[in-house]
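The block underneath contains the structure these notes are about, expressed in structure tokens.
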Amino acid sequence: MSVFNIYLCGVGGQGIGLLAAALAQAAERSGLKVIACDTHGLAQRGGVVSSHIRLGDGALTPLVPEGGADLVLALERLEALRGAAQYLKAGGKVFYYDTAYQPVSVRSGKAKYPSAEEVKKAVEELGGTAAAVNAGELRDPRMQNSALLGRLAAEGAVPGLAAGALEEVLKEIAPGASLEENLAIFRAAAKP
């Protein structure tokens, strides 16, 4: 496999680290070579958090190059838009959890929160496609990860990544008290 680049982004406290760990571990179990790293902004203050995952034998460094992401995963709309603008390559895909968690820049009035239609249009202008994911009312917003993982599994969005490996890893890393809930969310989103 040539290199497949995944850029993940969200706001501190949403669980980007868990999402990245699940993807990286599932990719390894699927027999893919994985190089990954996390970058943190002011995560403890609601700042941007991102992770980079590069799959394949040709990846020599862990950072996804700007304009080189085959897949952008985001845990809220504004970060999906920002991540796509900076990292998405033409022909790439954006999957984002469609929630209105407003980052500091929106709350302070420095940025406008985009609608789902605006995200779709902007991504299409970049030559990509965008898919919003929503699992309805969740007890814990960090369970959005399970919905995104399920949607990735349903779409086969990552070449060579086995859906069974995603569920297996989720069973190991999801918090014990919420494991069954996370699995139910994953399985519902994984249905084609």
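The values are calculated or read from the model by the stated rules, or taken from the named source; none is laboratory data. Because the structure is a prediction, the values reported are computed rather than measured. Virtual Cβ from ideal backbone geometry, glycine too; neighbours counted across all protein chains shown.
Brief remarks on what is shown
- Test: residue in segment 36-51 that is more than 13 Å from the chain's Cα centre (by Cα) and more than 17 Å from residue 16 (Cα to Cα): no
- Counting only helices (runs of 4 or more DSSP H) that fall entirely inside segment 104-190 and contain at least 2 residues that are modelled with pLDDT of 95 or more and among the β-branched types (Val, Ile, Thr), the qualifying elements are 116-125.
- Hey, residue 158 more than 19 Å from residue 27 (Cβ to Cβ), crowded, with 19+ Cβ neighbours inside 10 Å and in contact (Cβ under 8 Å) with a residue 40 or more places away in the chain or not: no
- Taking the criterion of being closer than 11 Å to residue 74 by Cβ and either out of contact with any strand residue (DSSP E or B) (no Cβ under 6 Å at 6 or more places or on another chain) or surrounded by fewer than 20 Cβ atoms within 10 Å (Cβ to Cβ) (or both), the residues of segment 99-130 that qualify are 99, 101.
- For residue 165: the one exception among (1) more than 16 Å from the chain's Cα centre (by Cα); (2) crowded, with 19+ Cβ neighbours inside 10 Å; (3) within 17 Å of residue 69 (Cβ to Cβ): (3)
- Among residues of segment 93-118 that are over 20 Å from residue 129 (Cβ atoms), those with a Cβ under 8 angstrom from a residue that is in a helix (DSSP H, G or I) and of a type in the set (Asp, Glu), sequence gap 6+ or separate chain, pair up as 103/79.
- Among the candidates 87, 96, residue that is of a type in the set (Ser, Thr, Tyr) and closer than 17 Å to residue 142 by Cα: 96
- Scan of segment 29-70 for residues that are modelled with pLDDT of 95 or more and in a helix (DSSP H, G or I), ordered by number: 29
- Verdict on residue 93 being in contact with a Ser or Thr (Cβ under 6 Å, 6 or more places away or on another chain), more than 16 Å from residue 16 (Cβ to Cβ) and surrounded by 15 or more Cβ atoms within 10 Å (Cβ to Cβ): yes
- Of the residues making up segment 156-192, just one is closer than 20 Å to residue 136 by Cβ and touching a strand residue (DSSP E or B) at 6+ places or on another chain (Cβ under 9 Å), namely 189.
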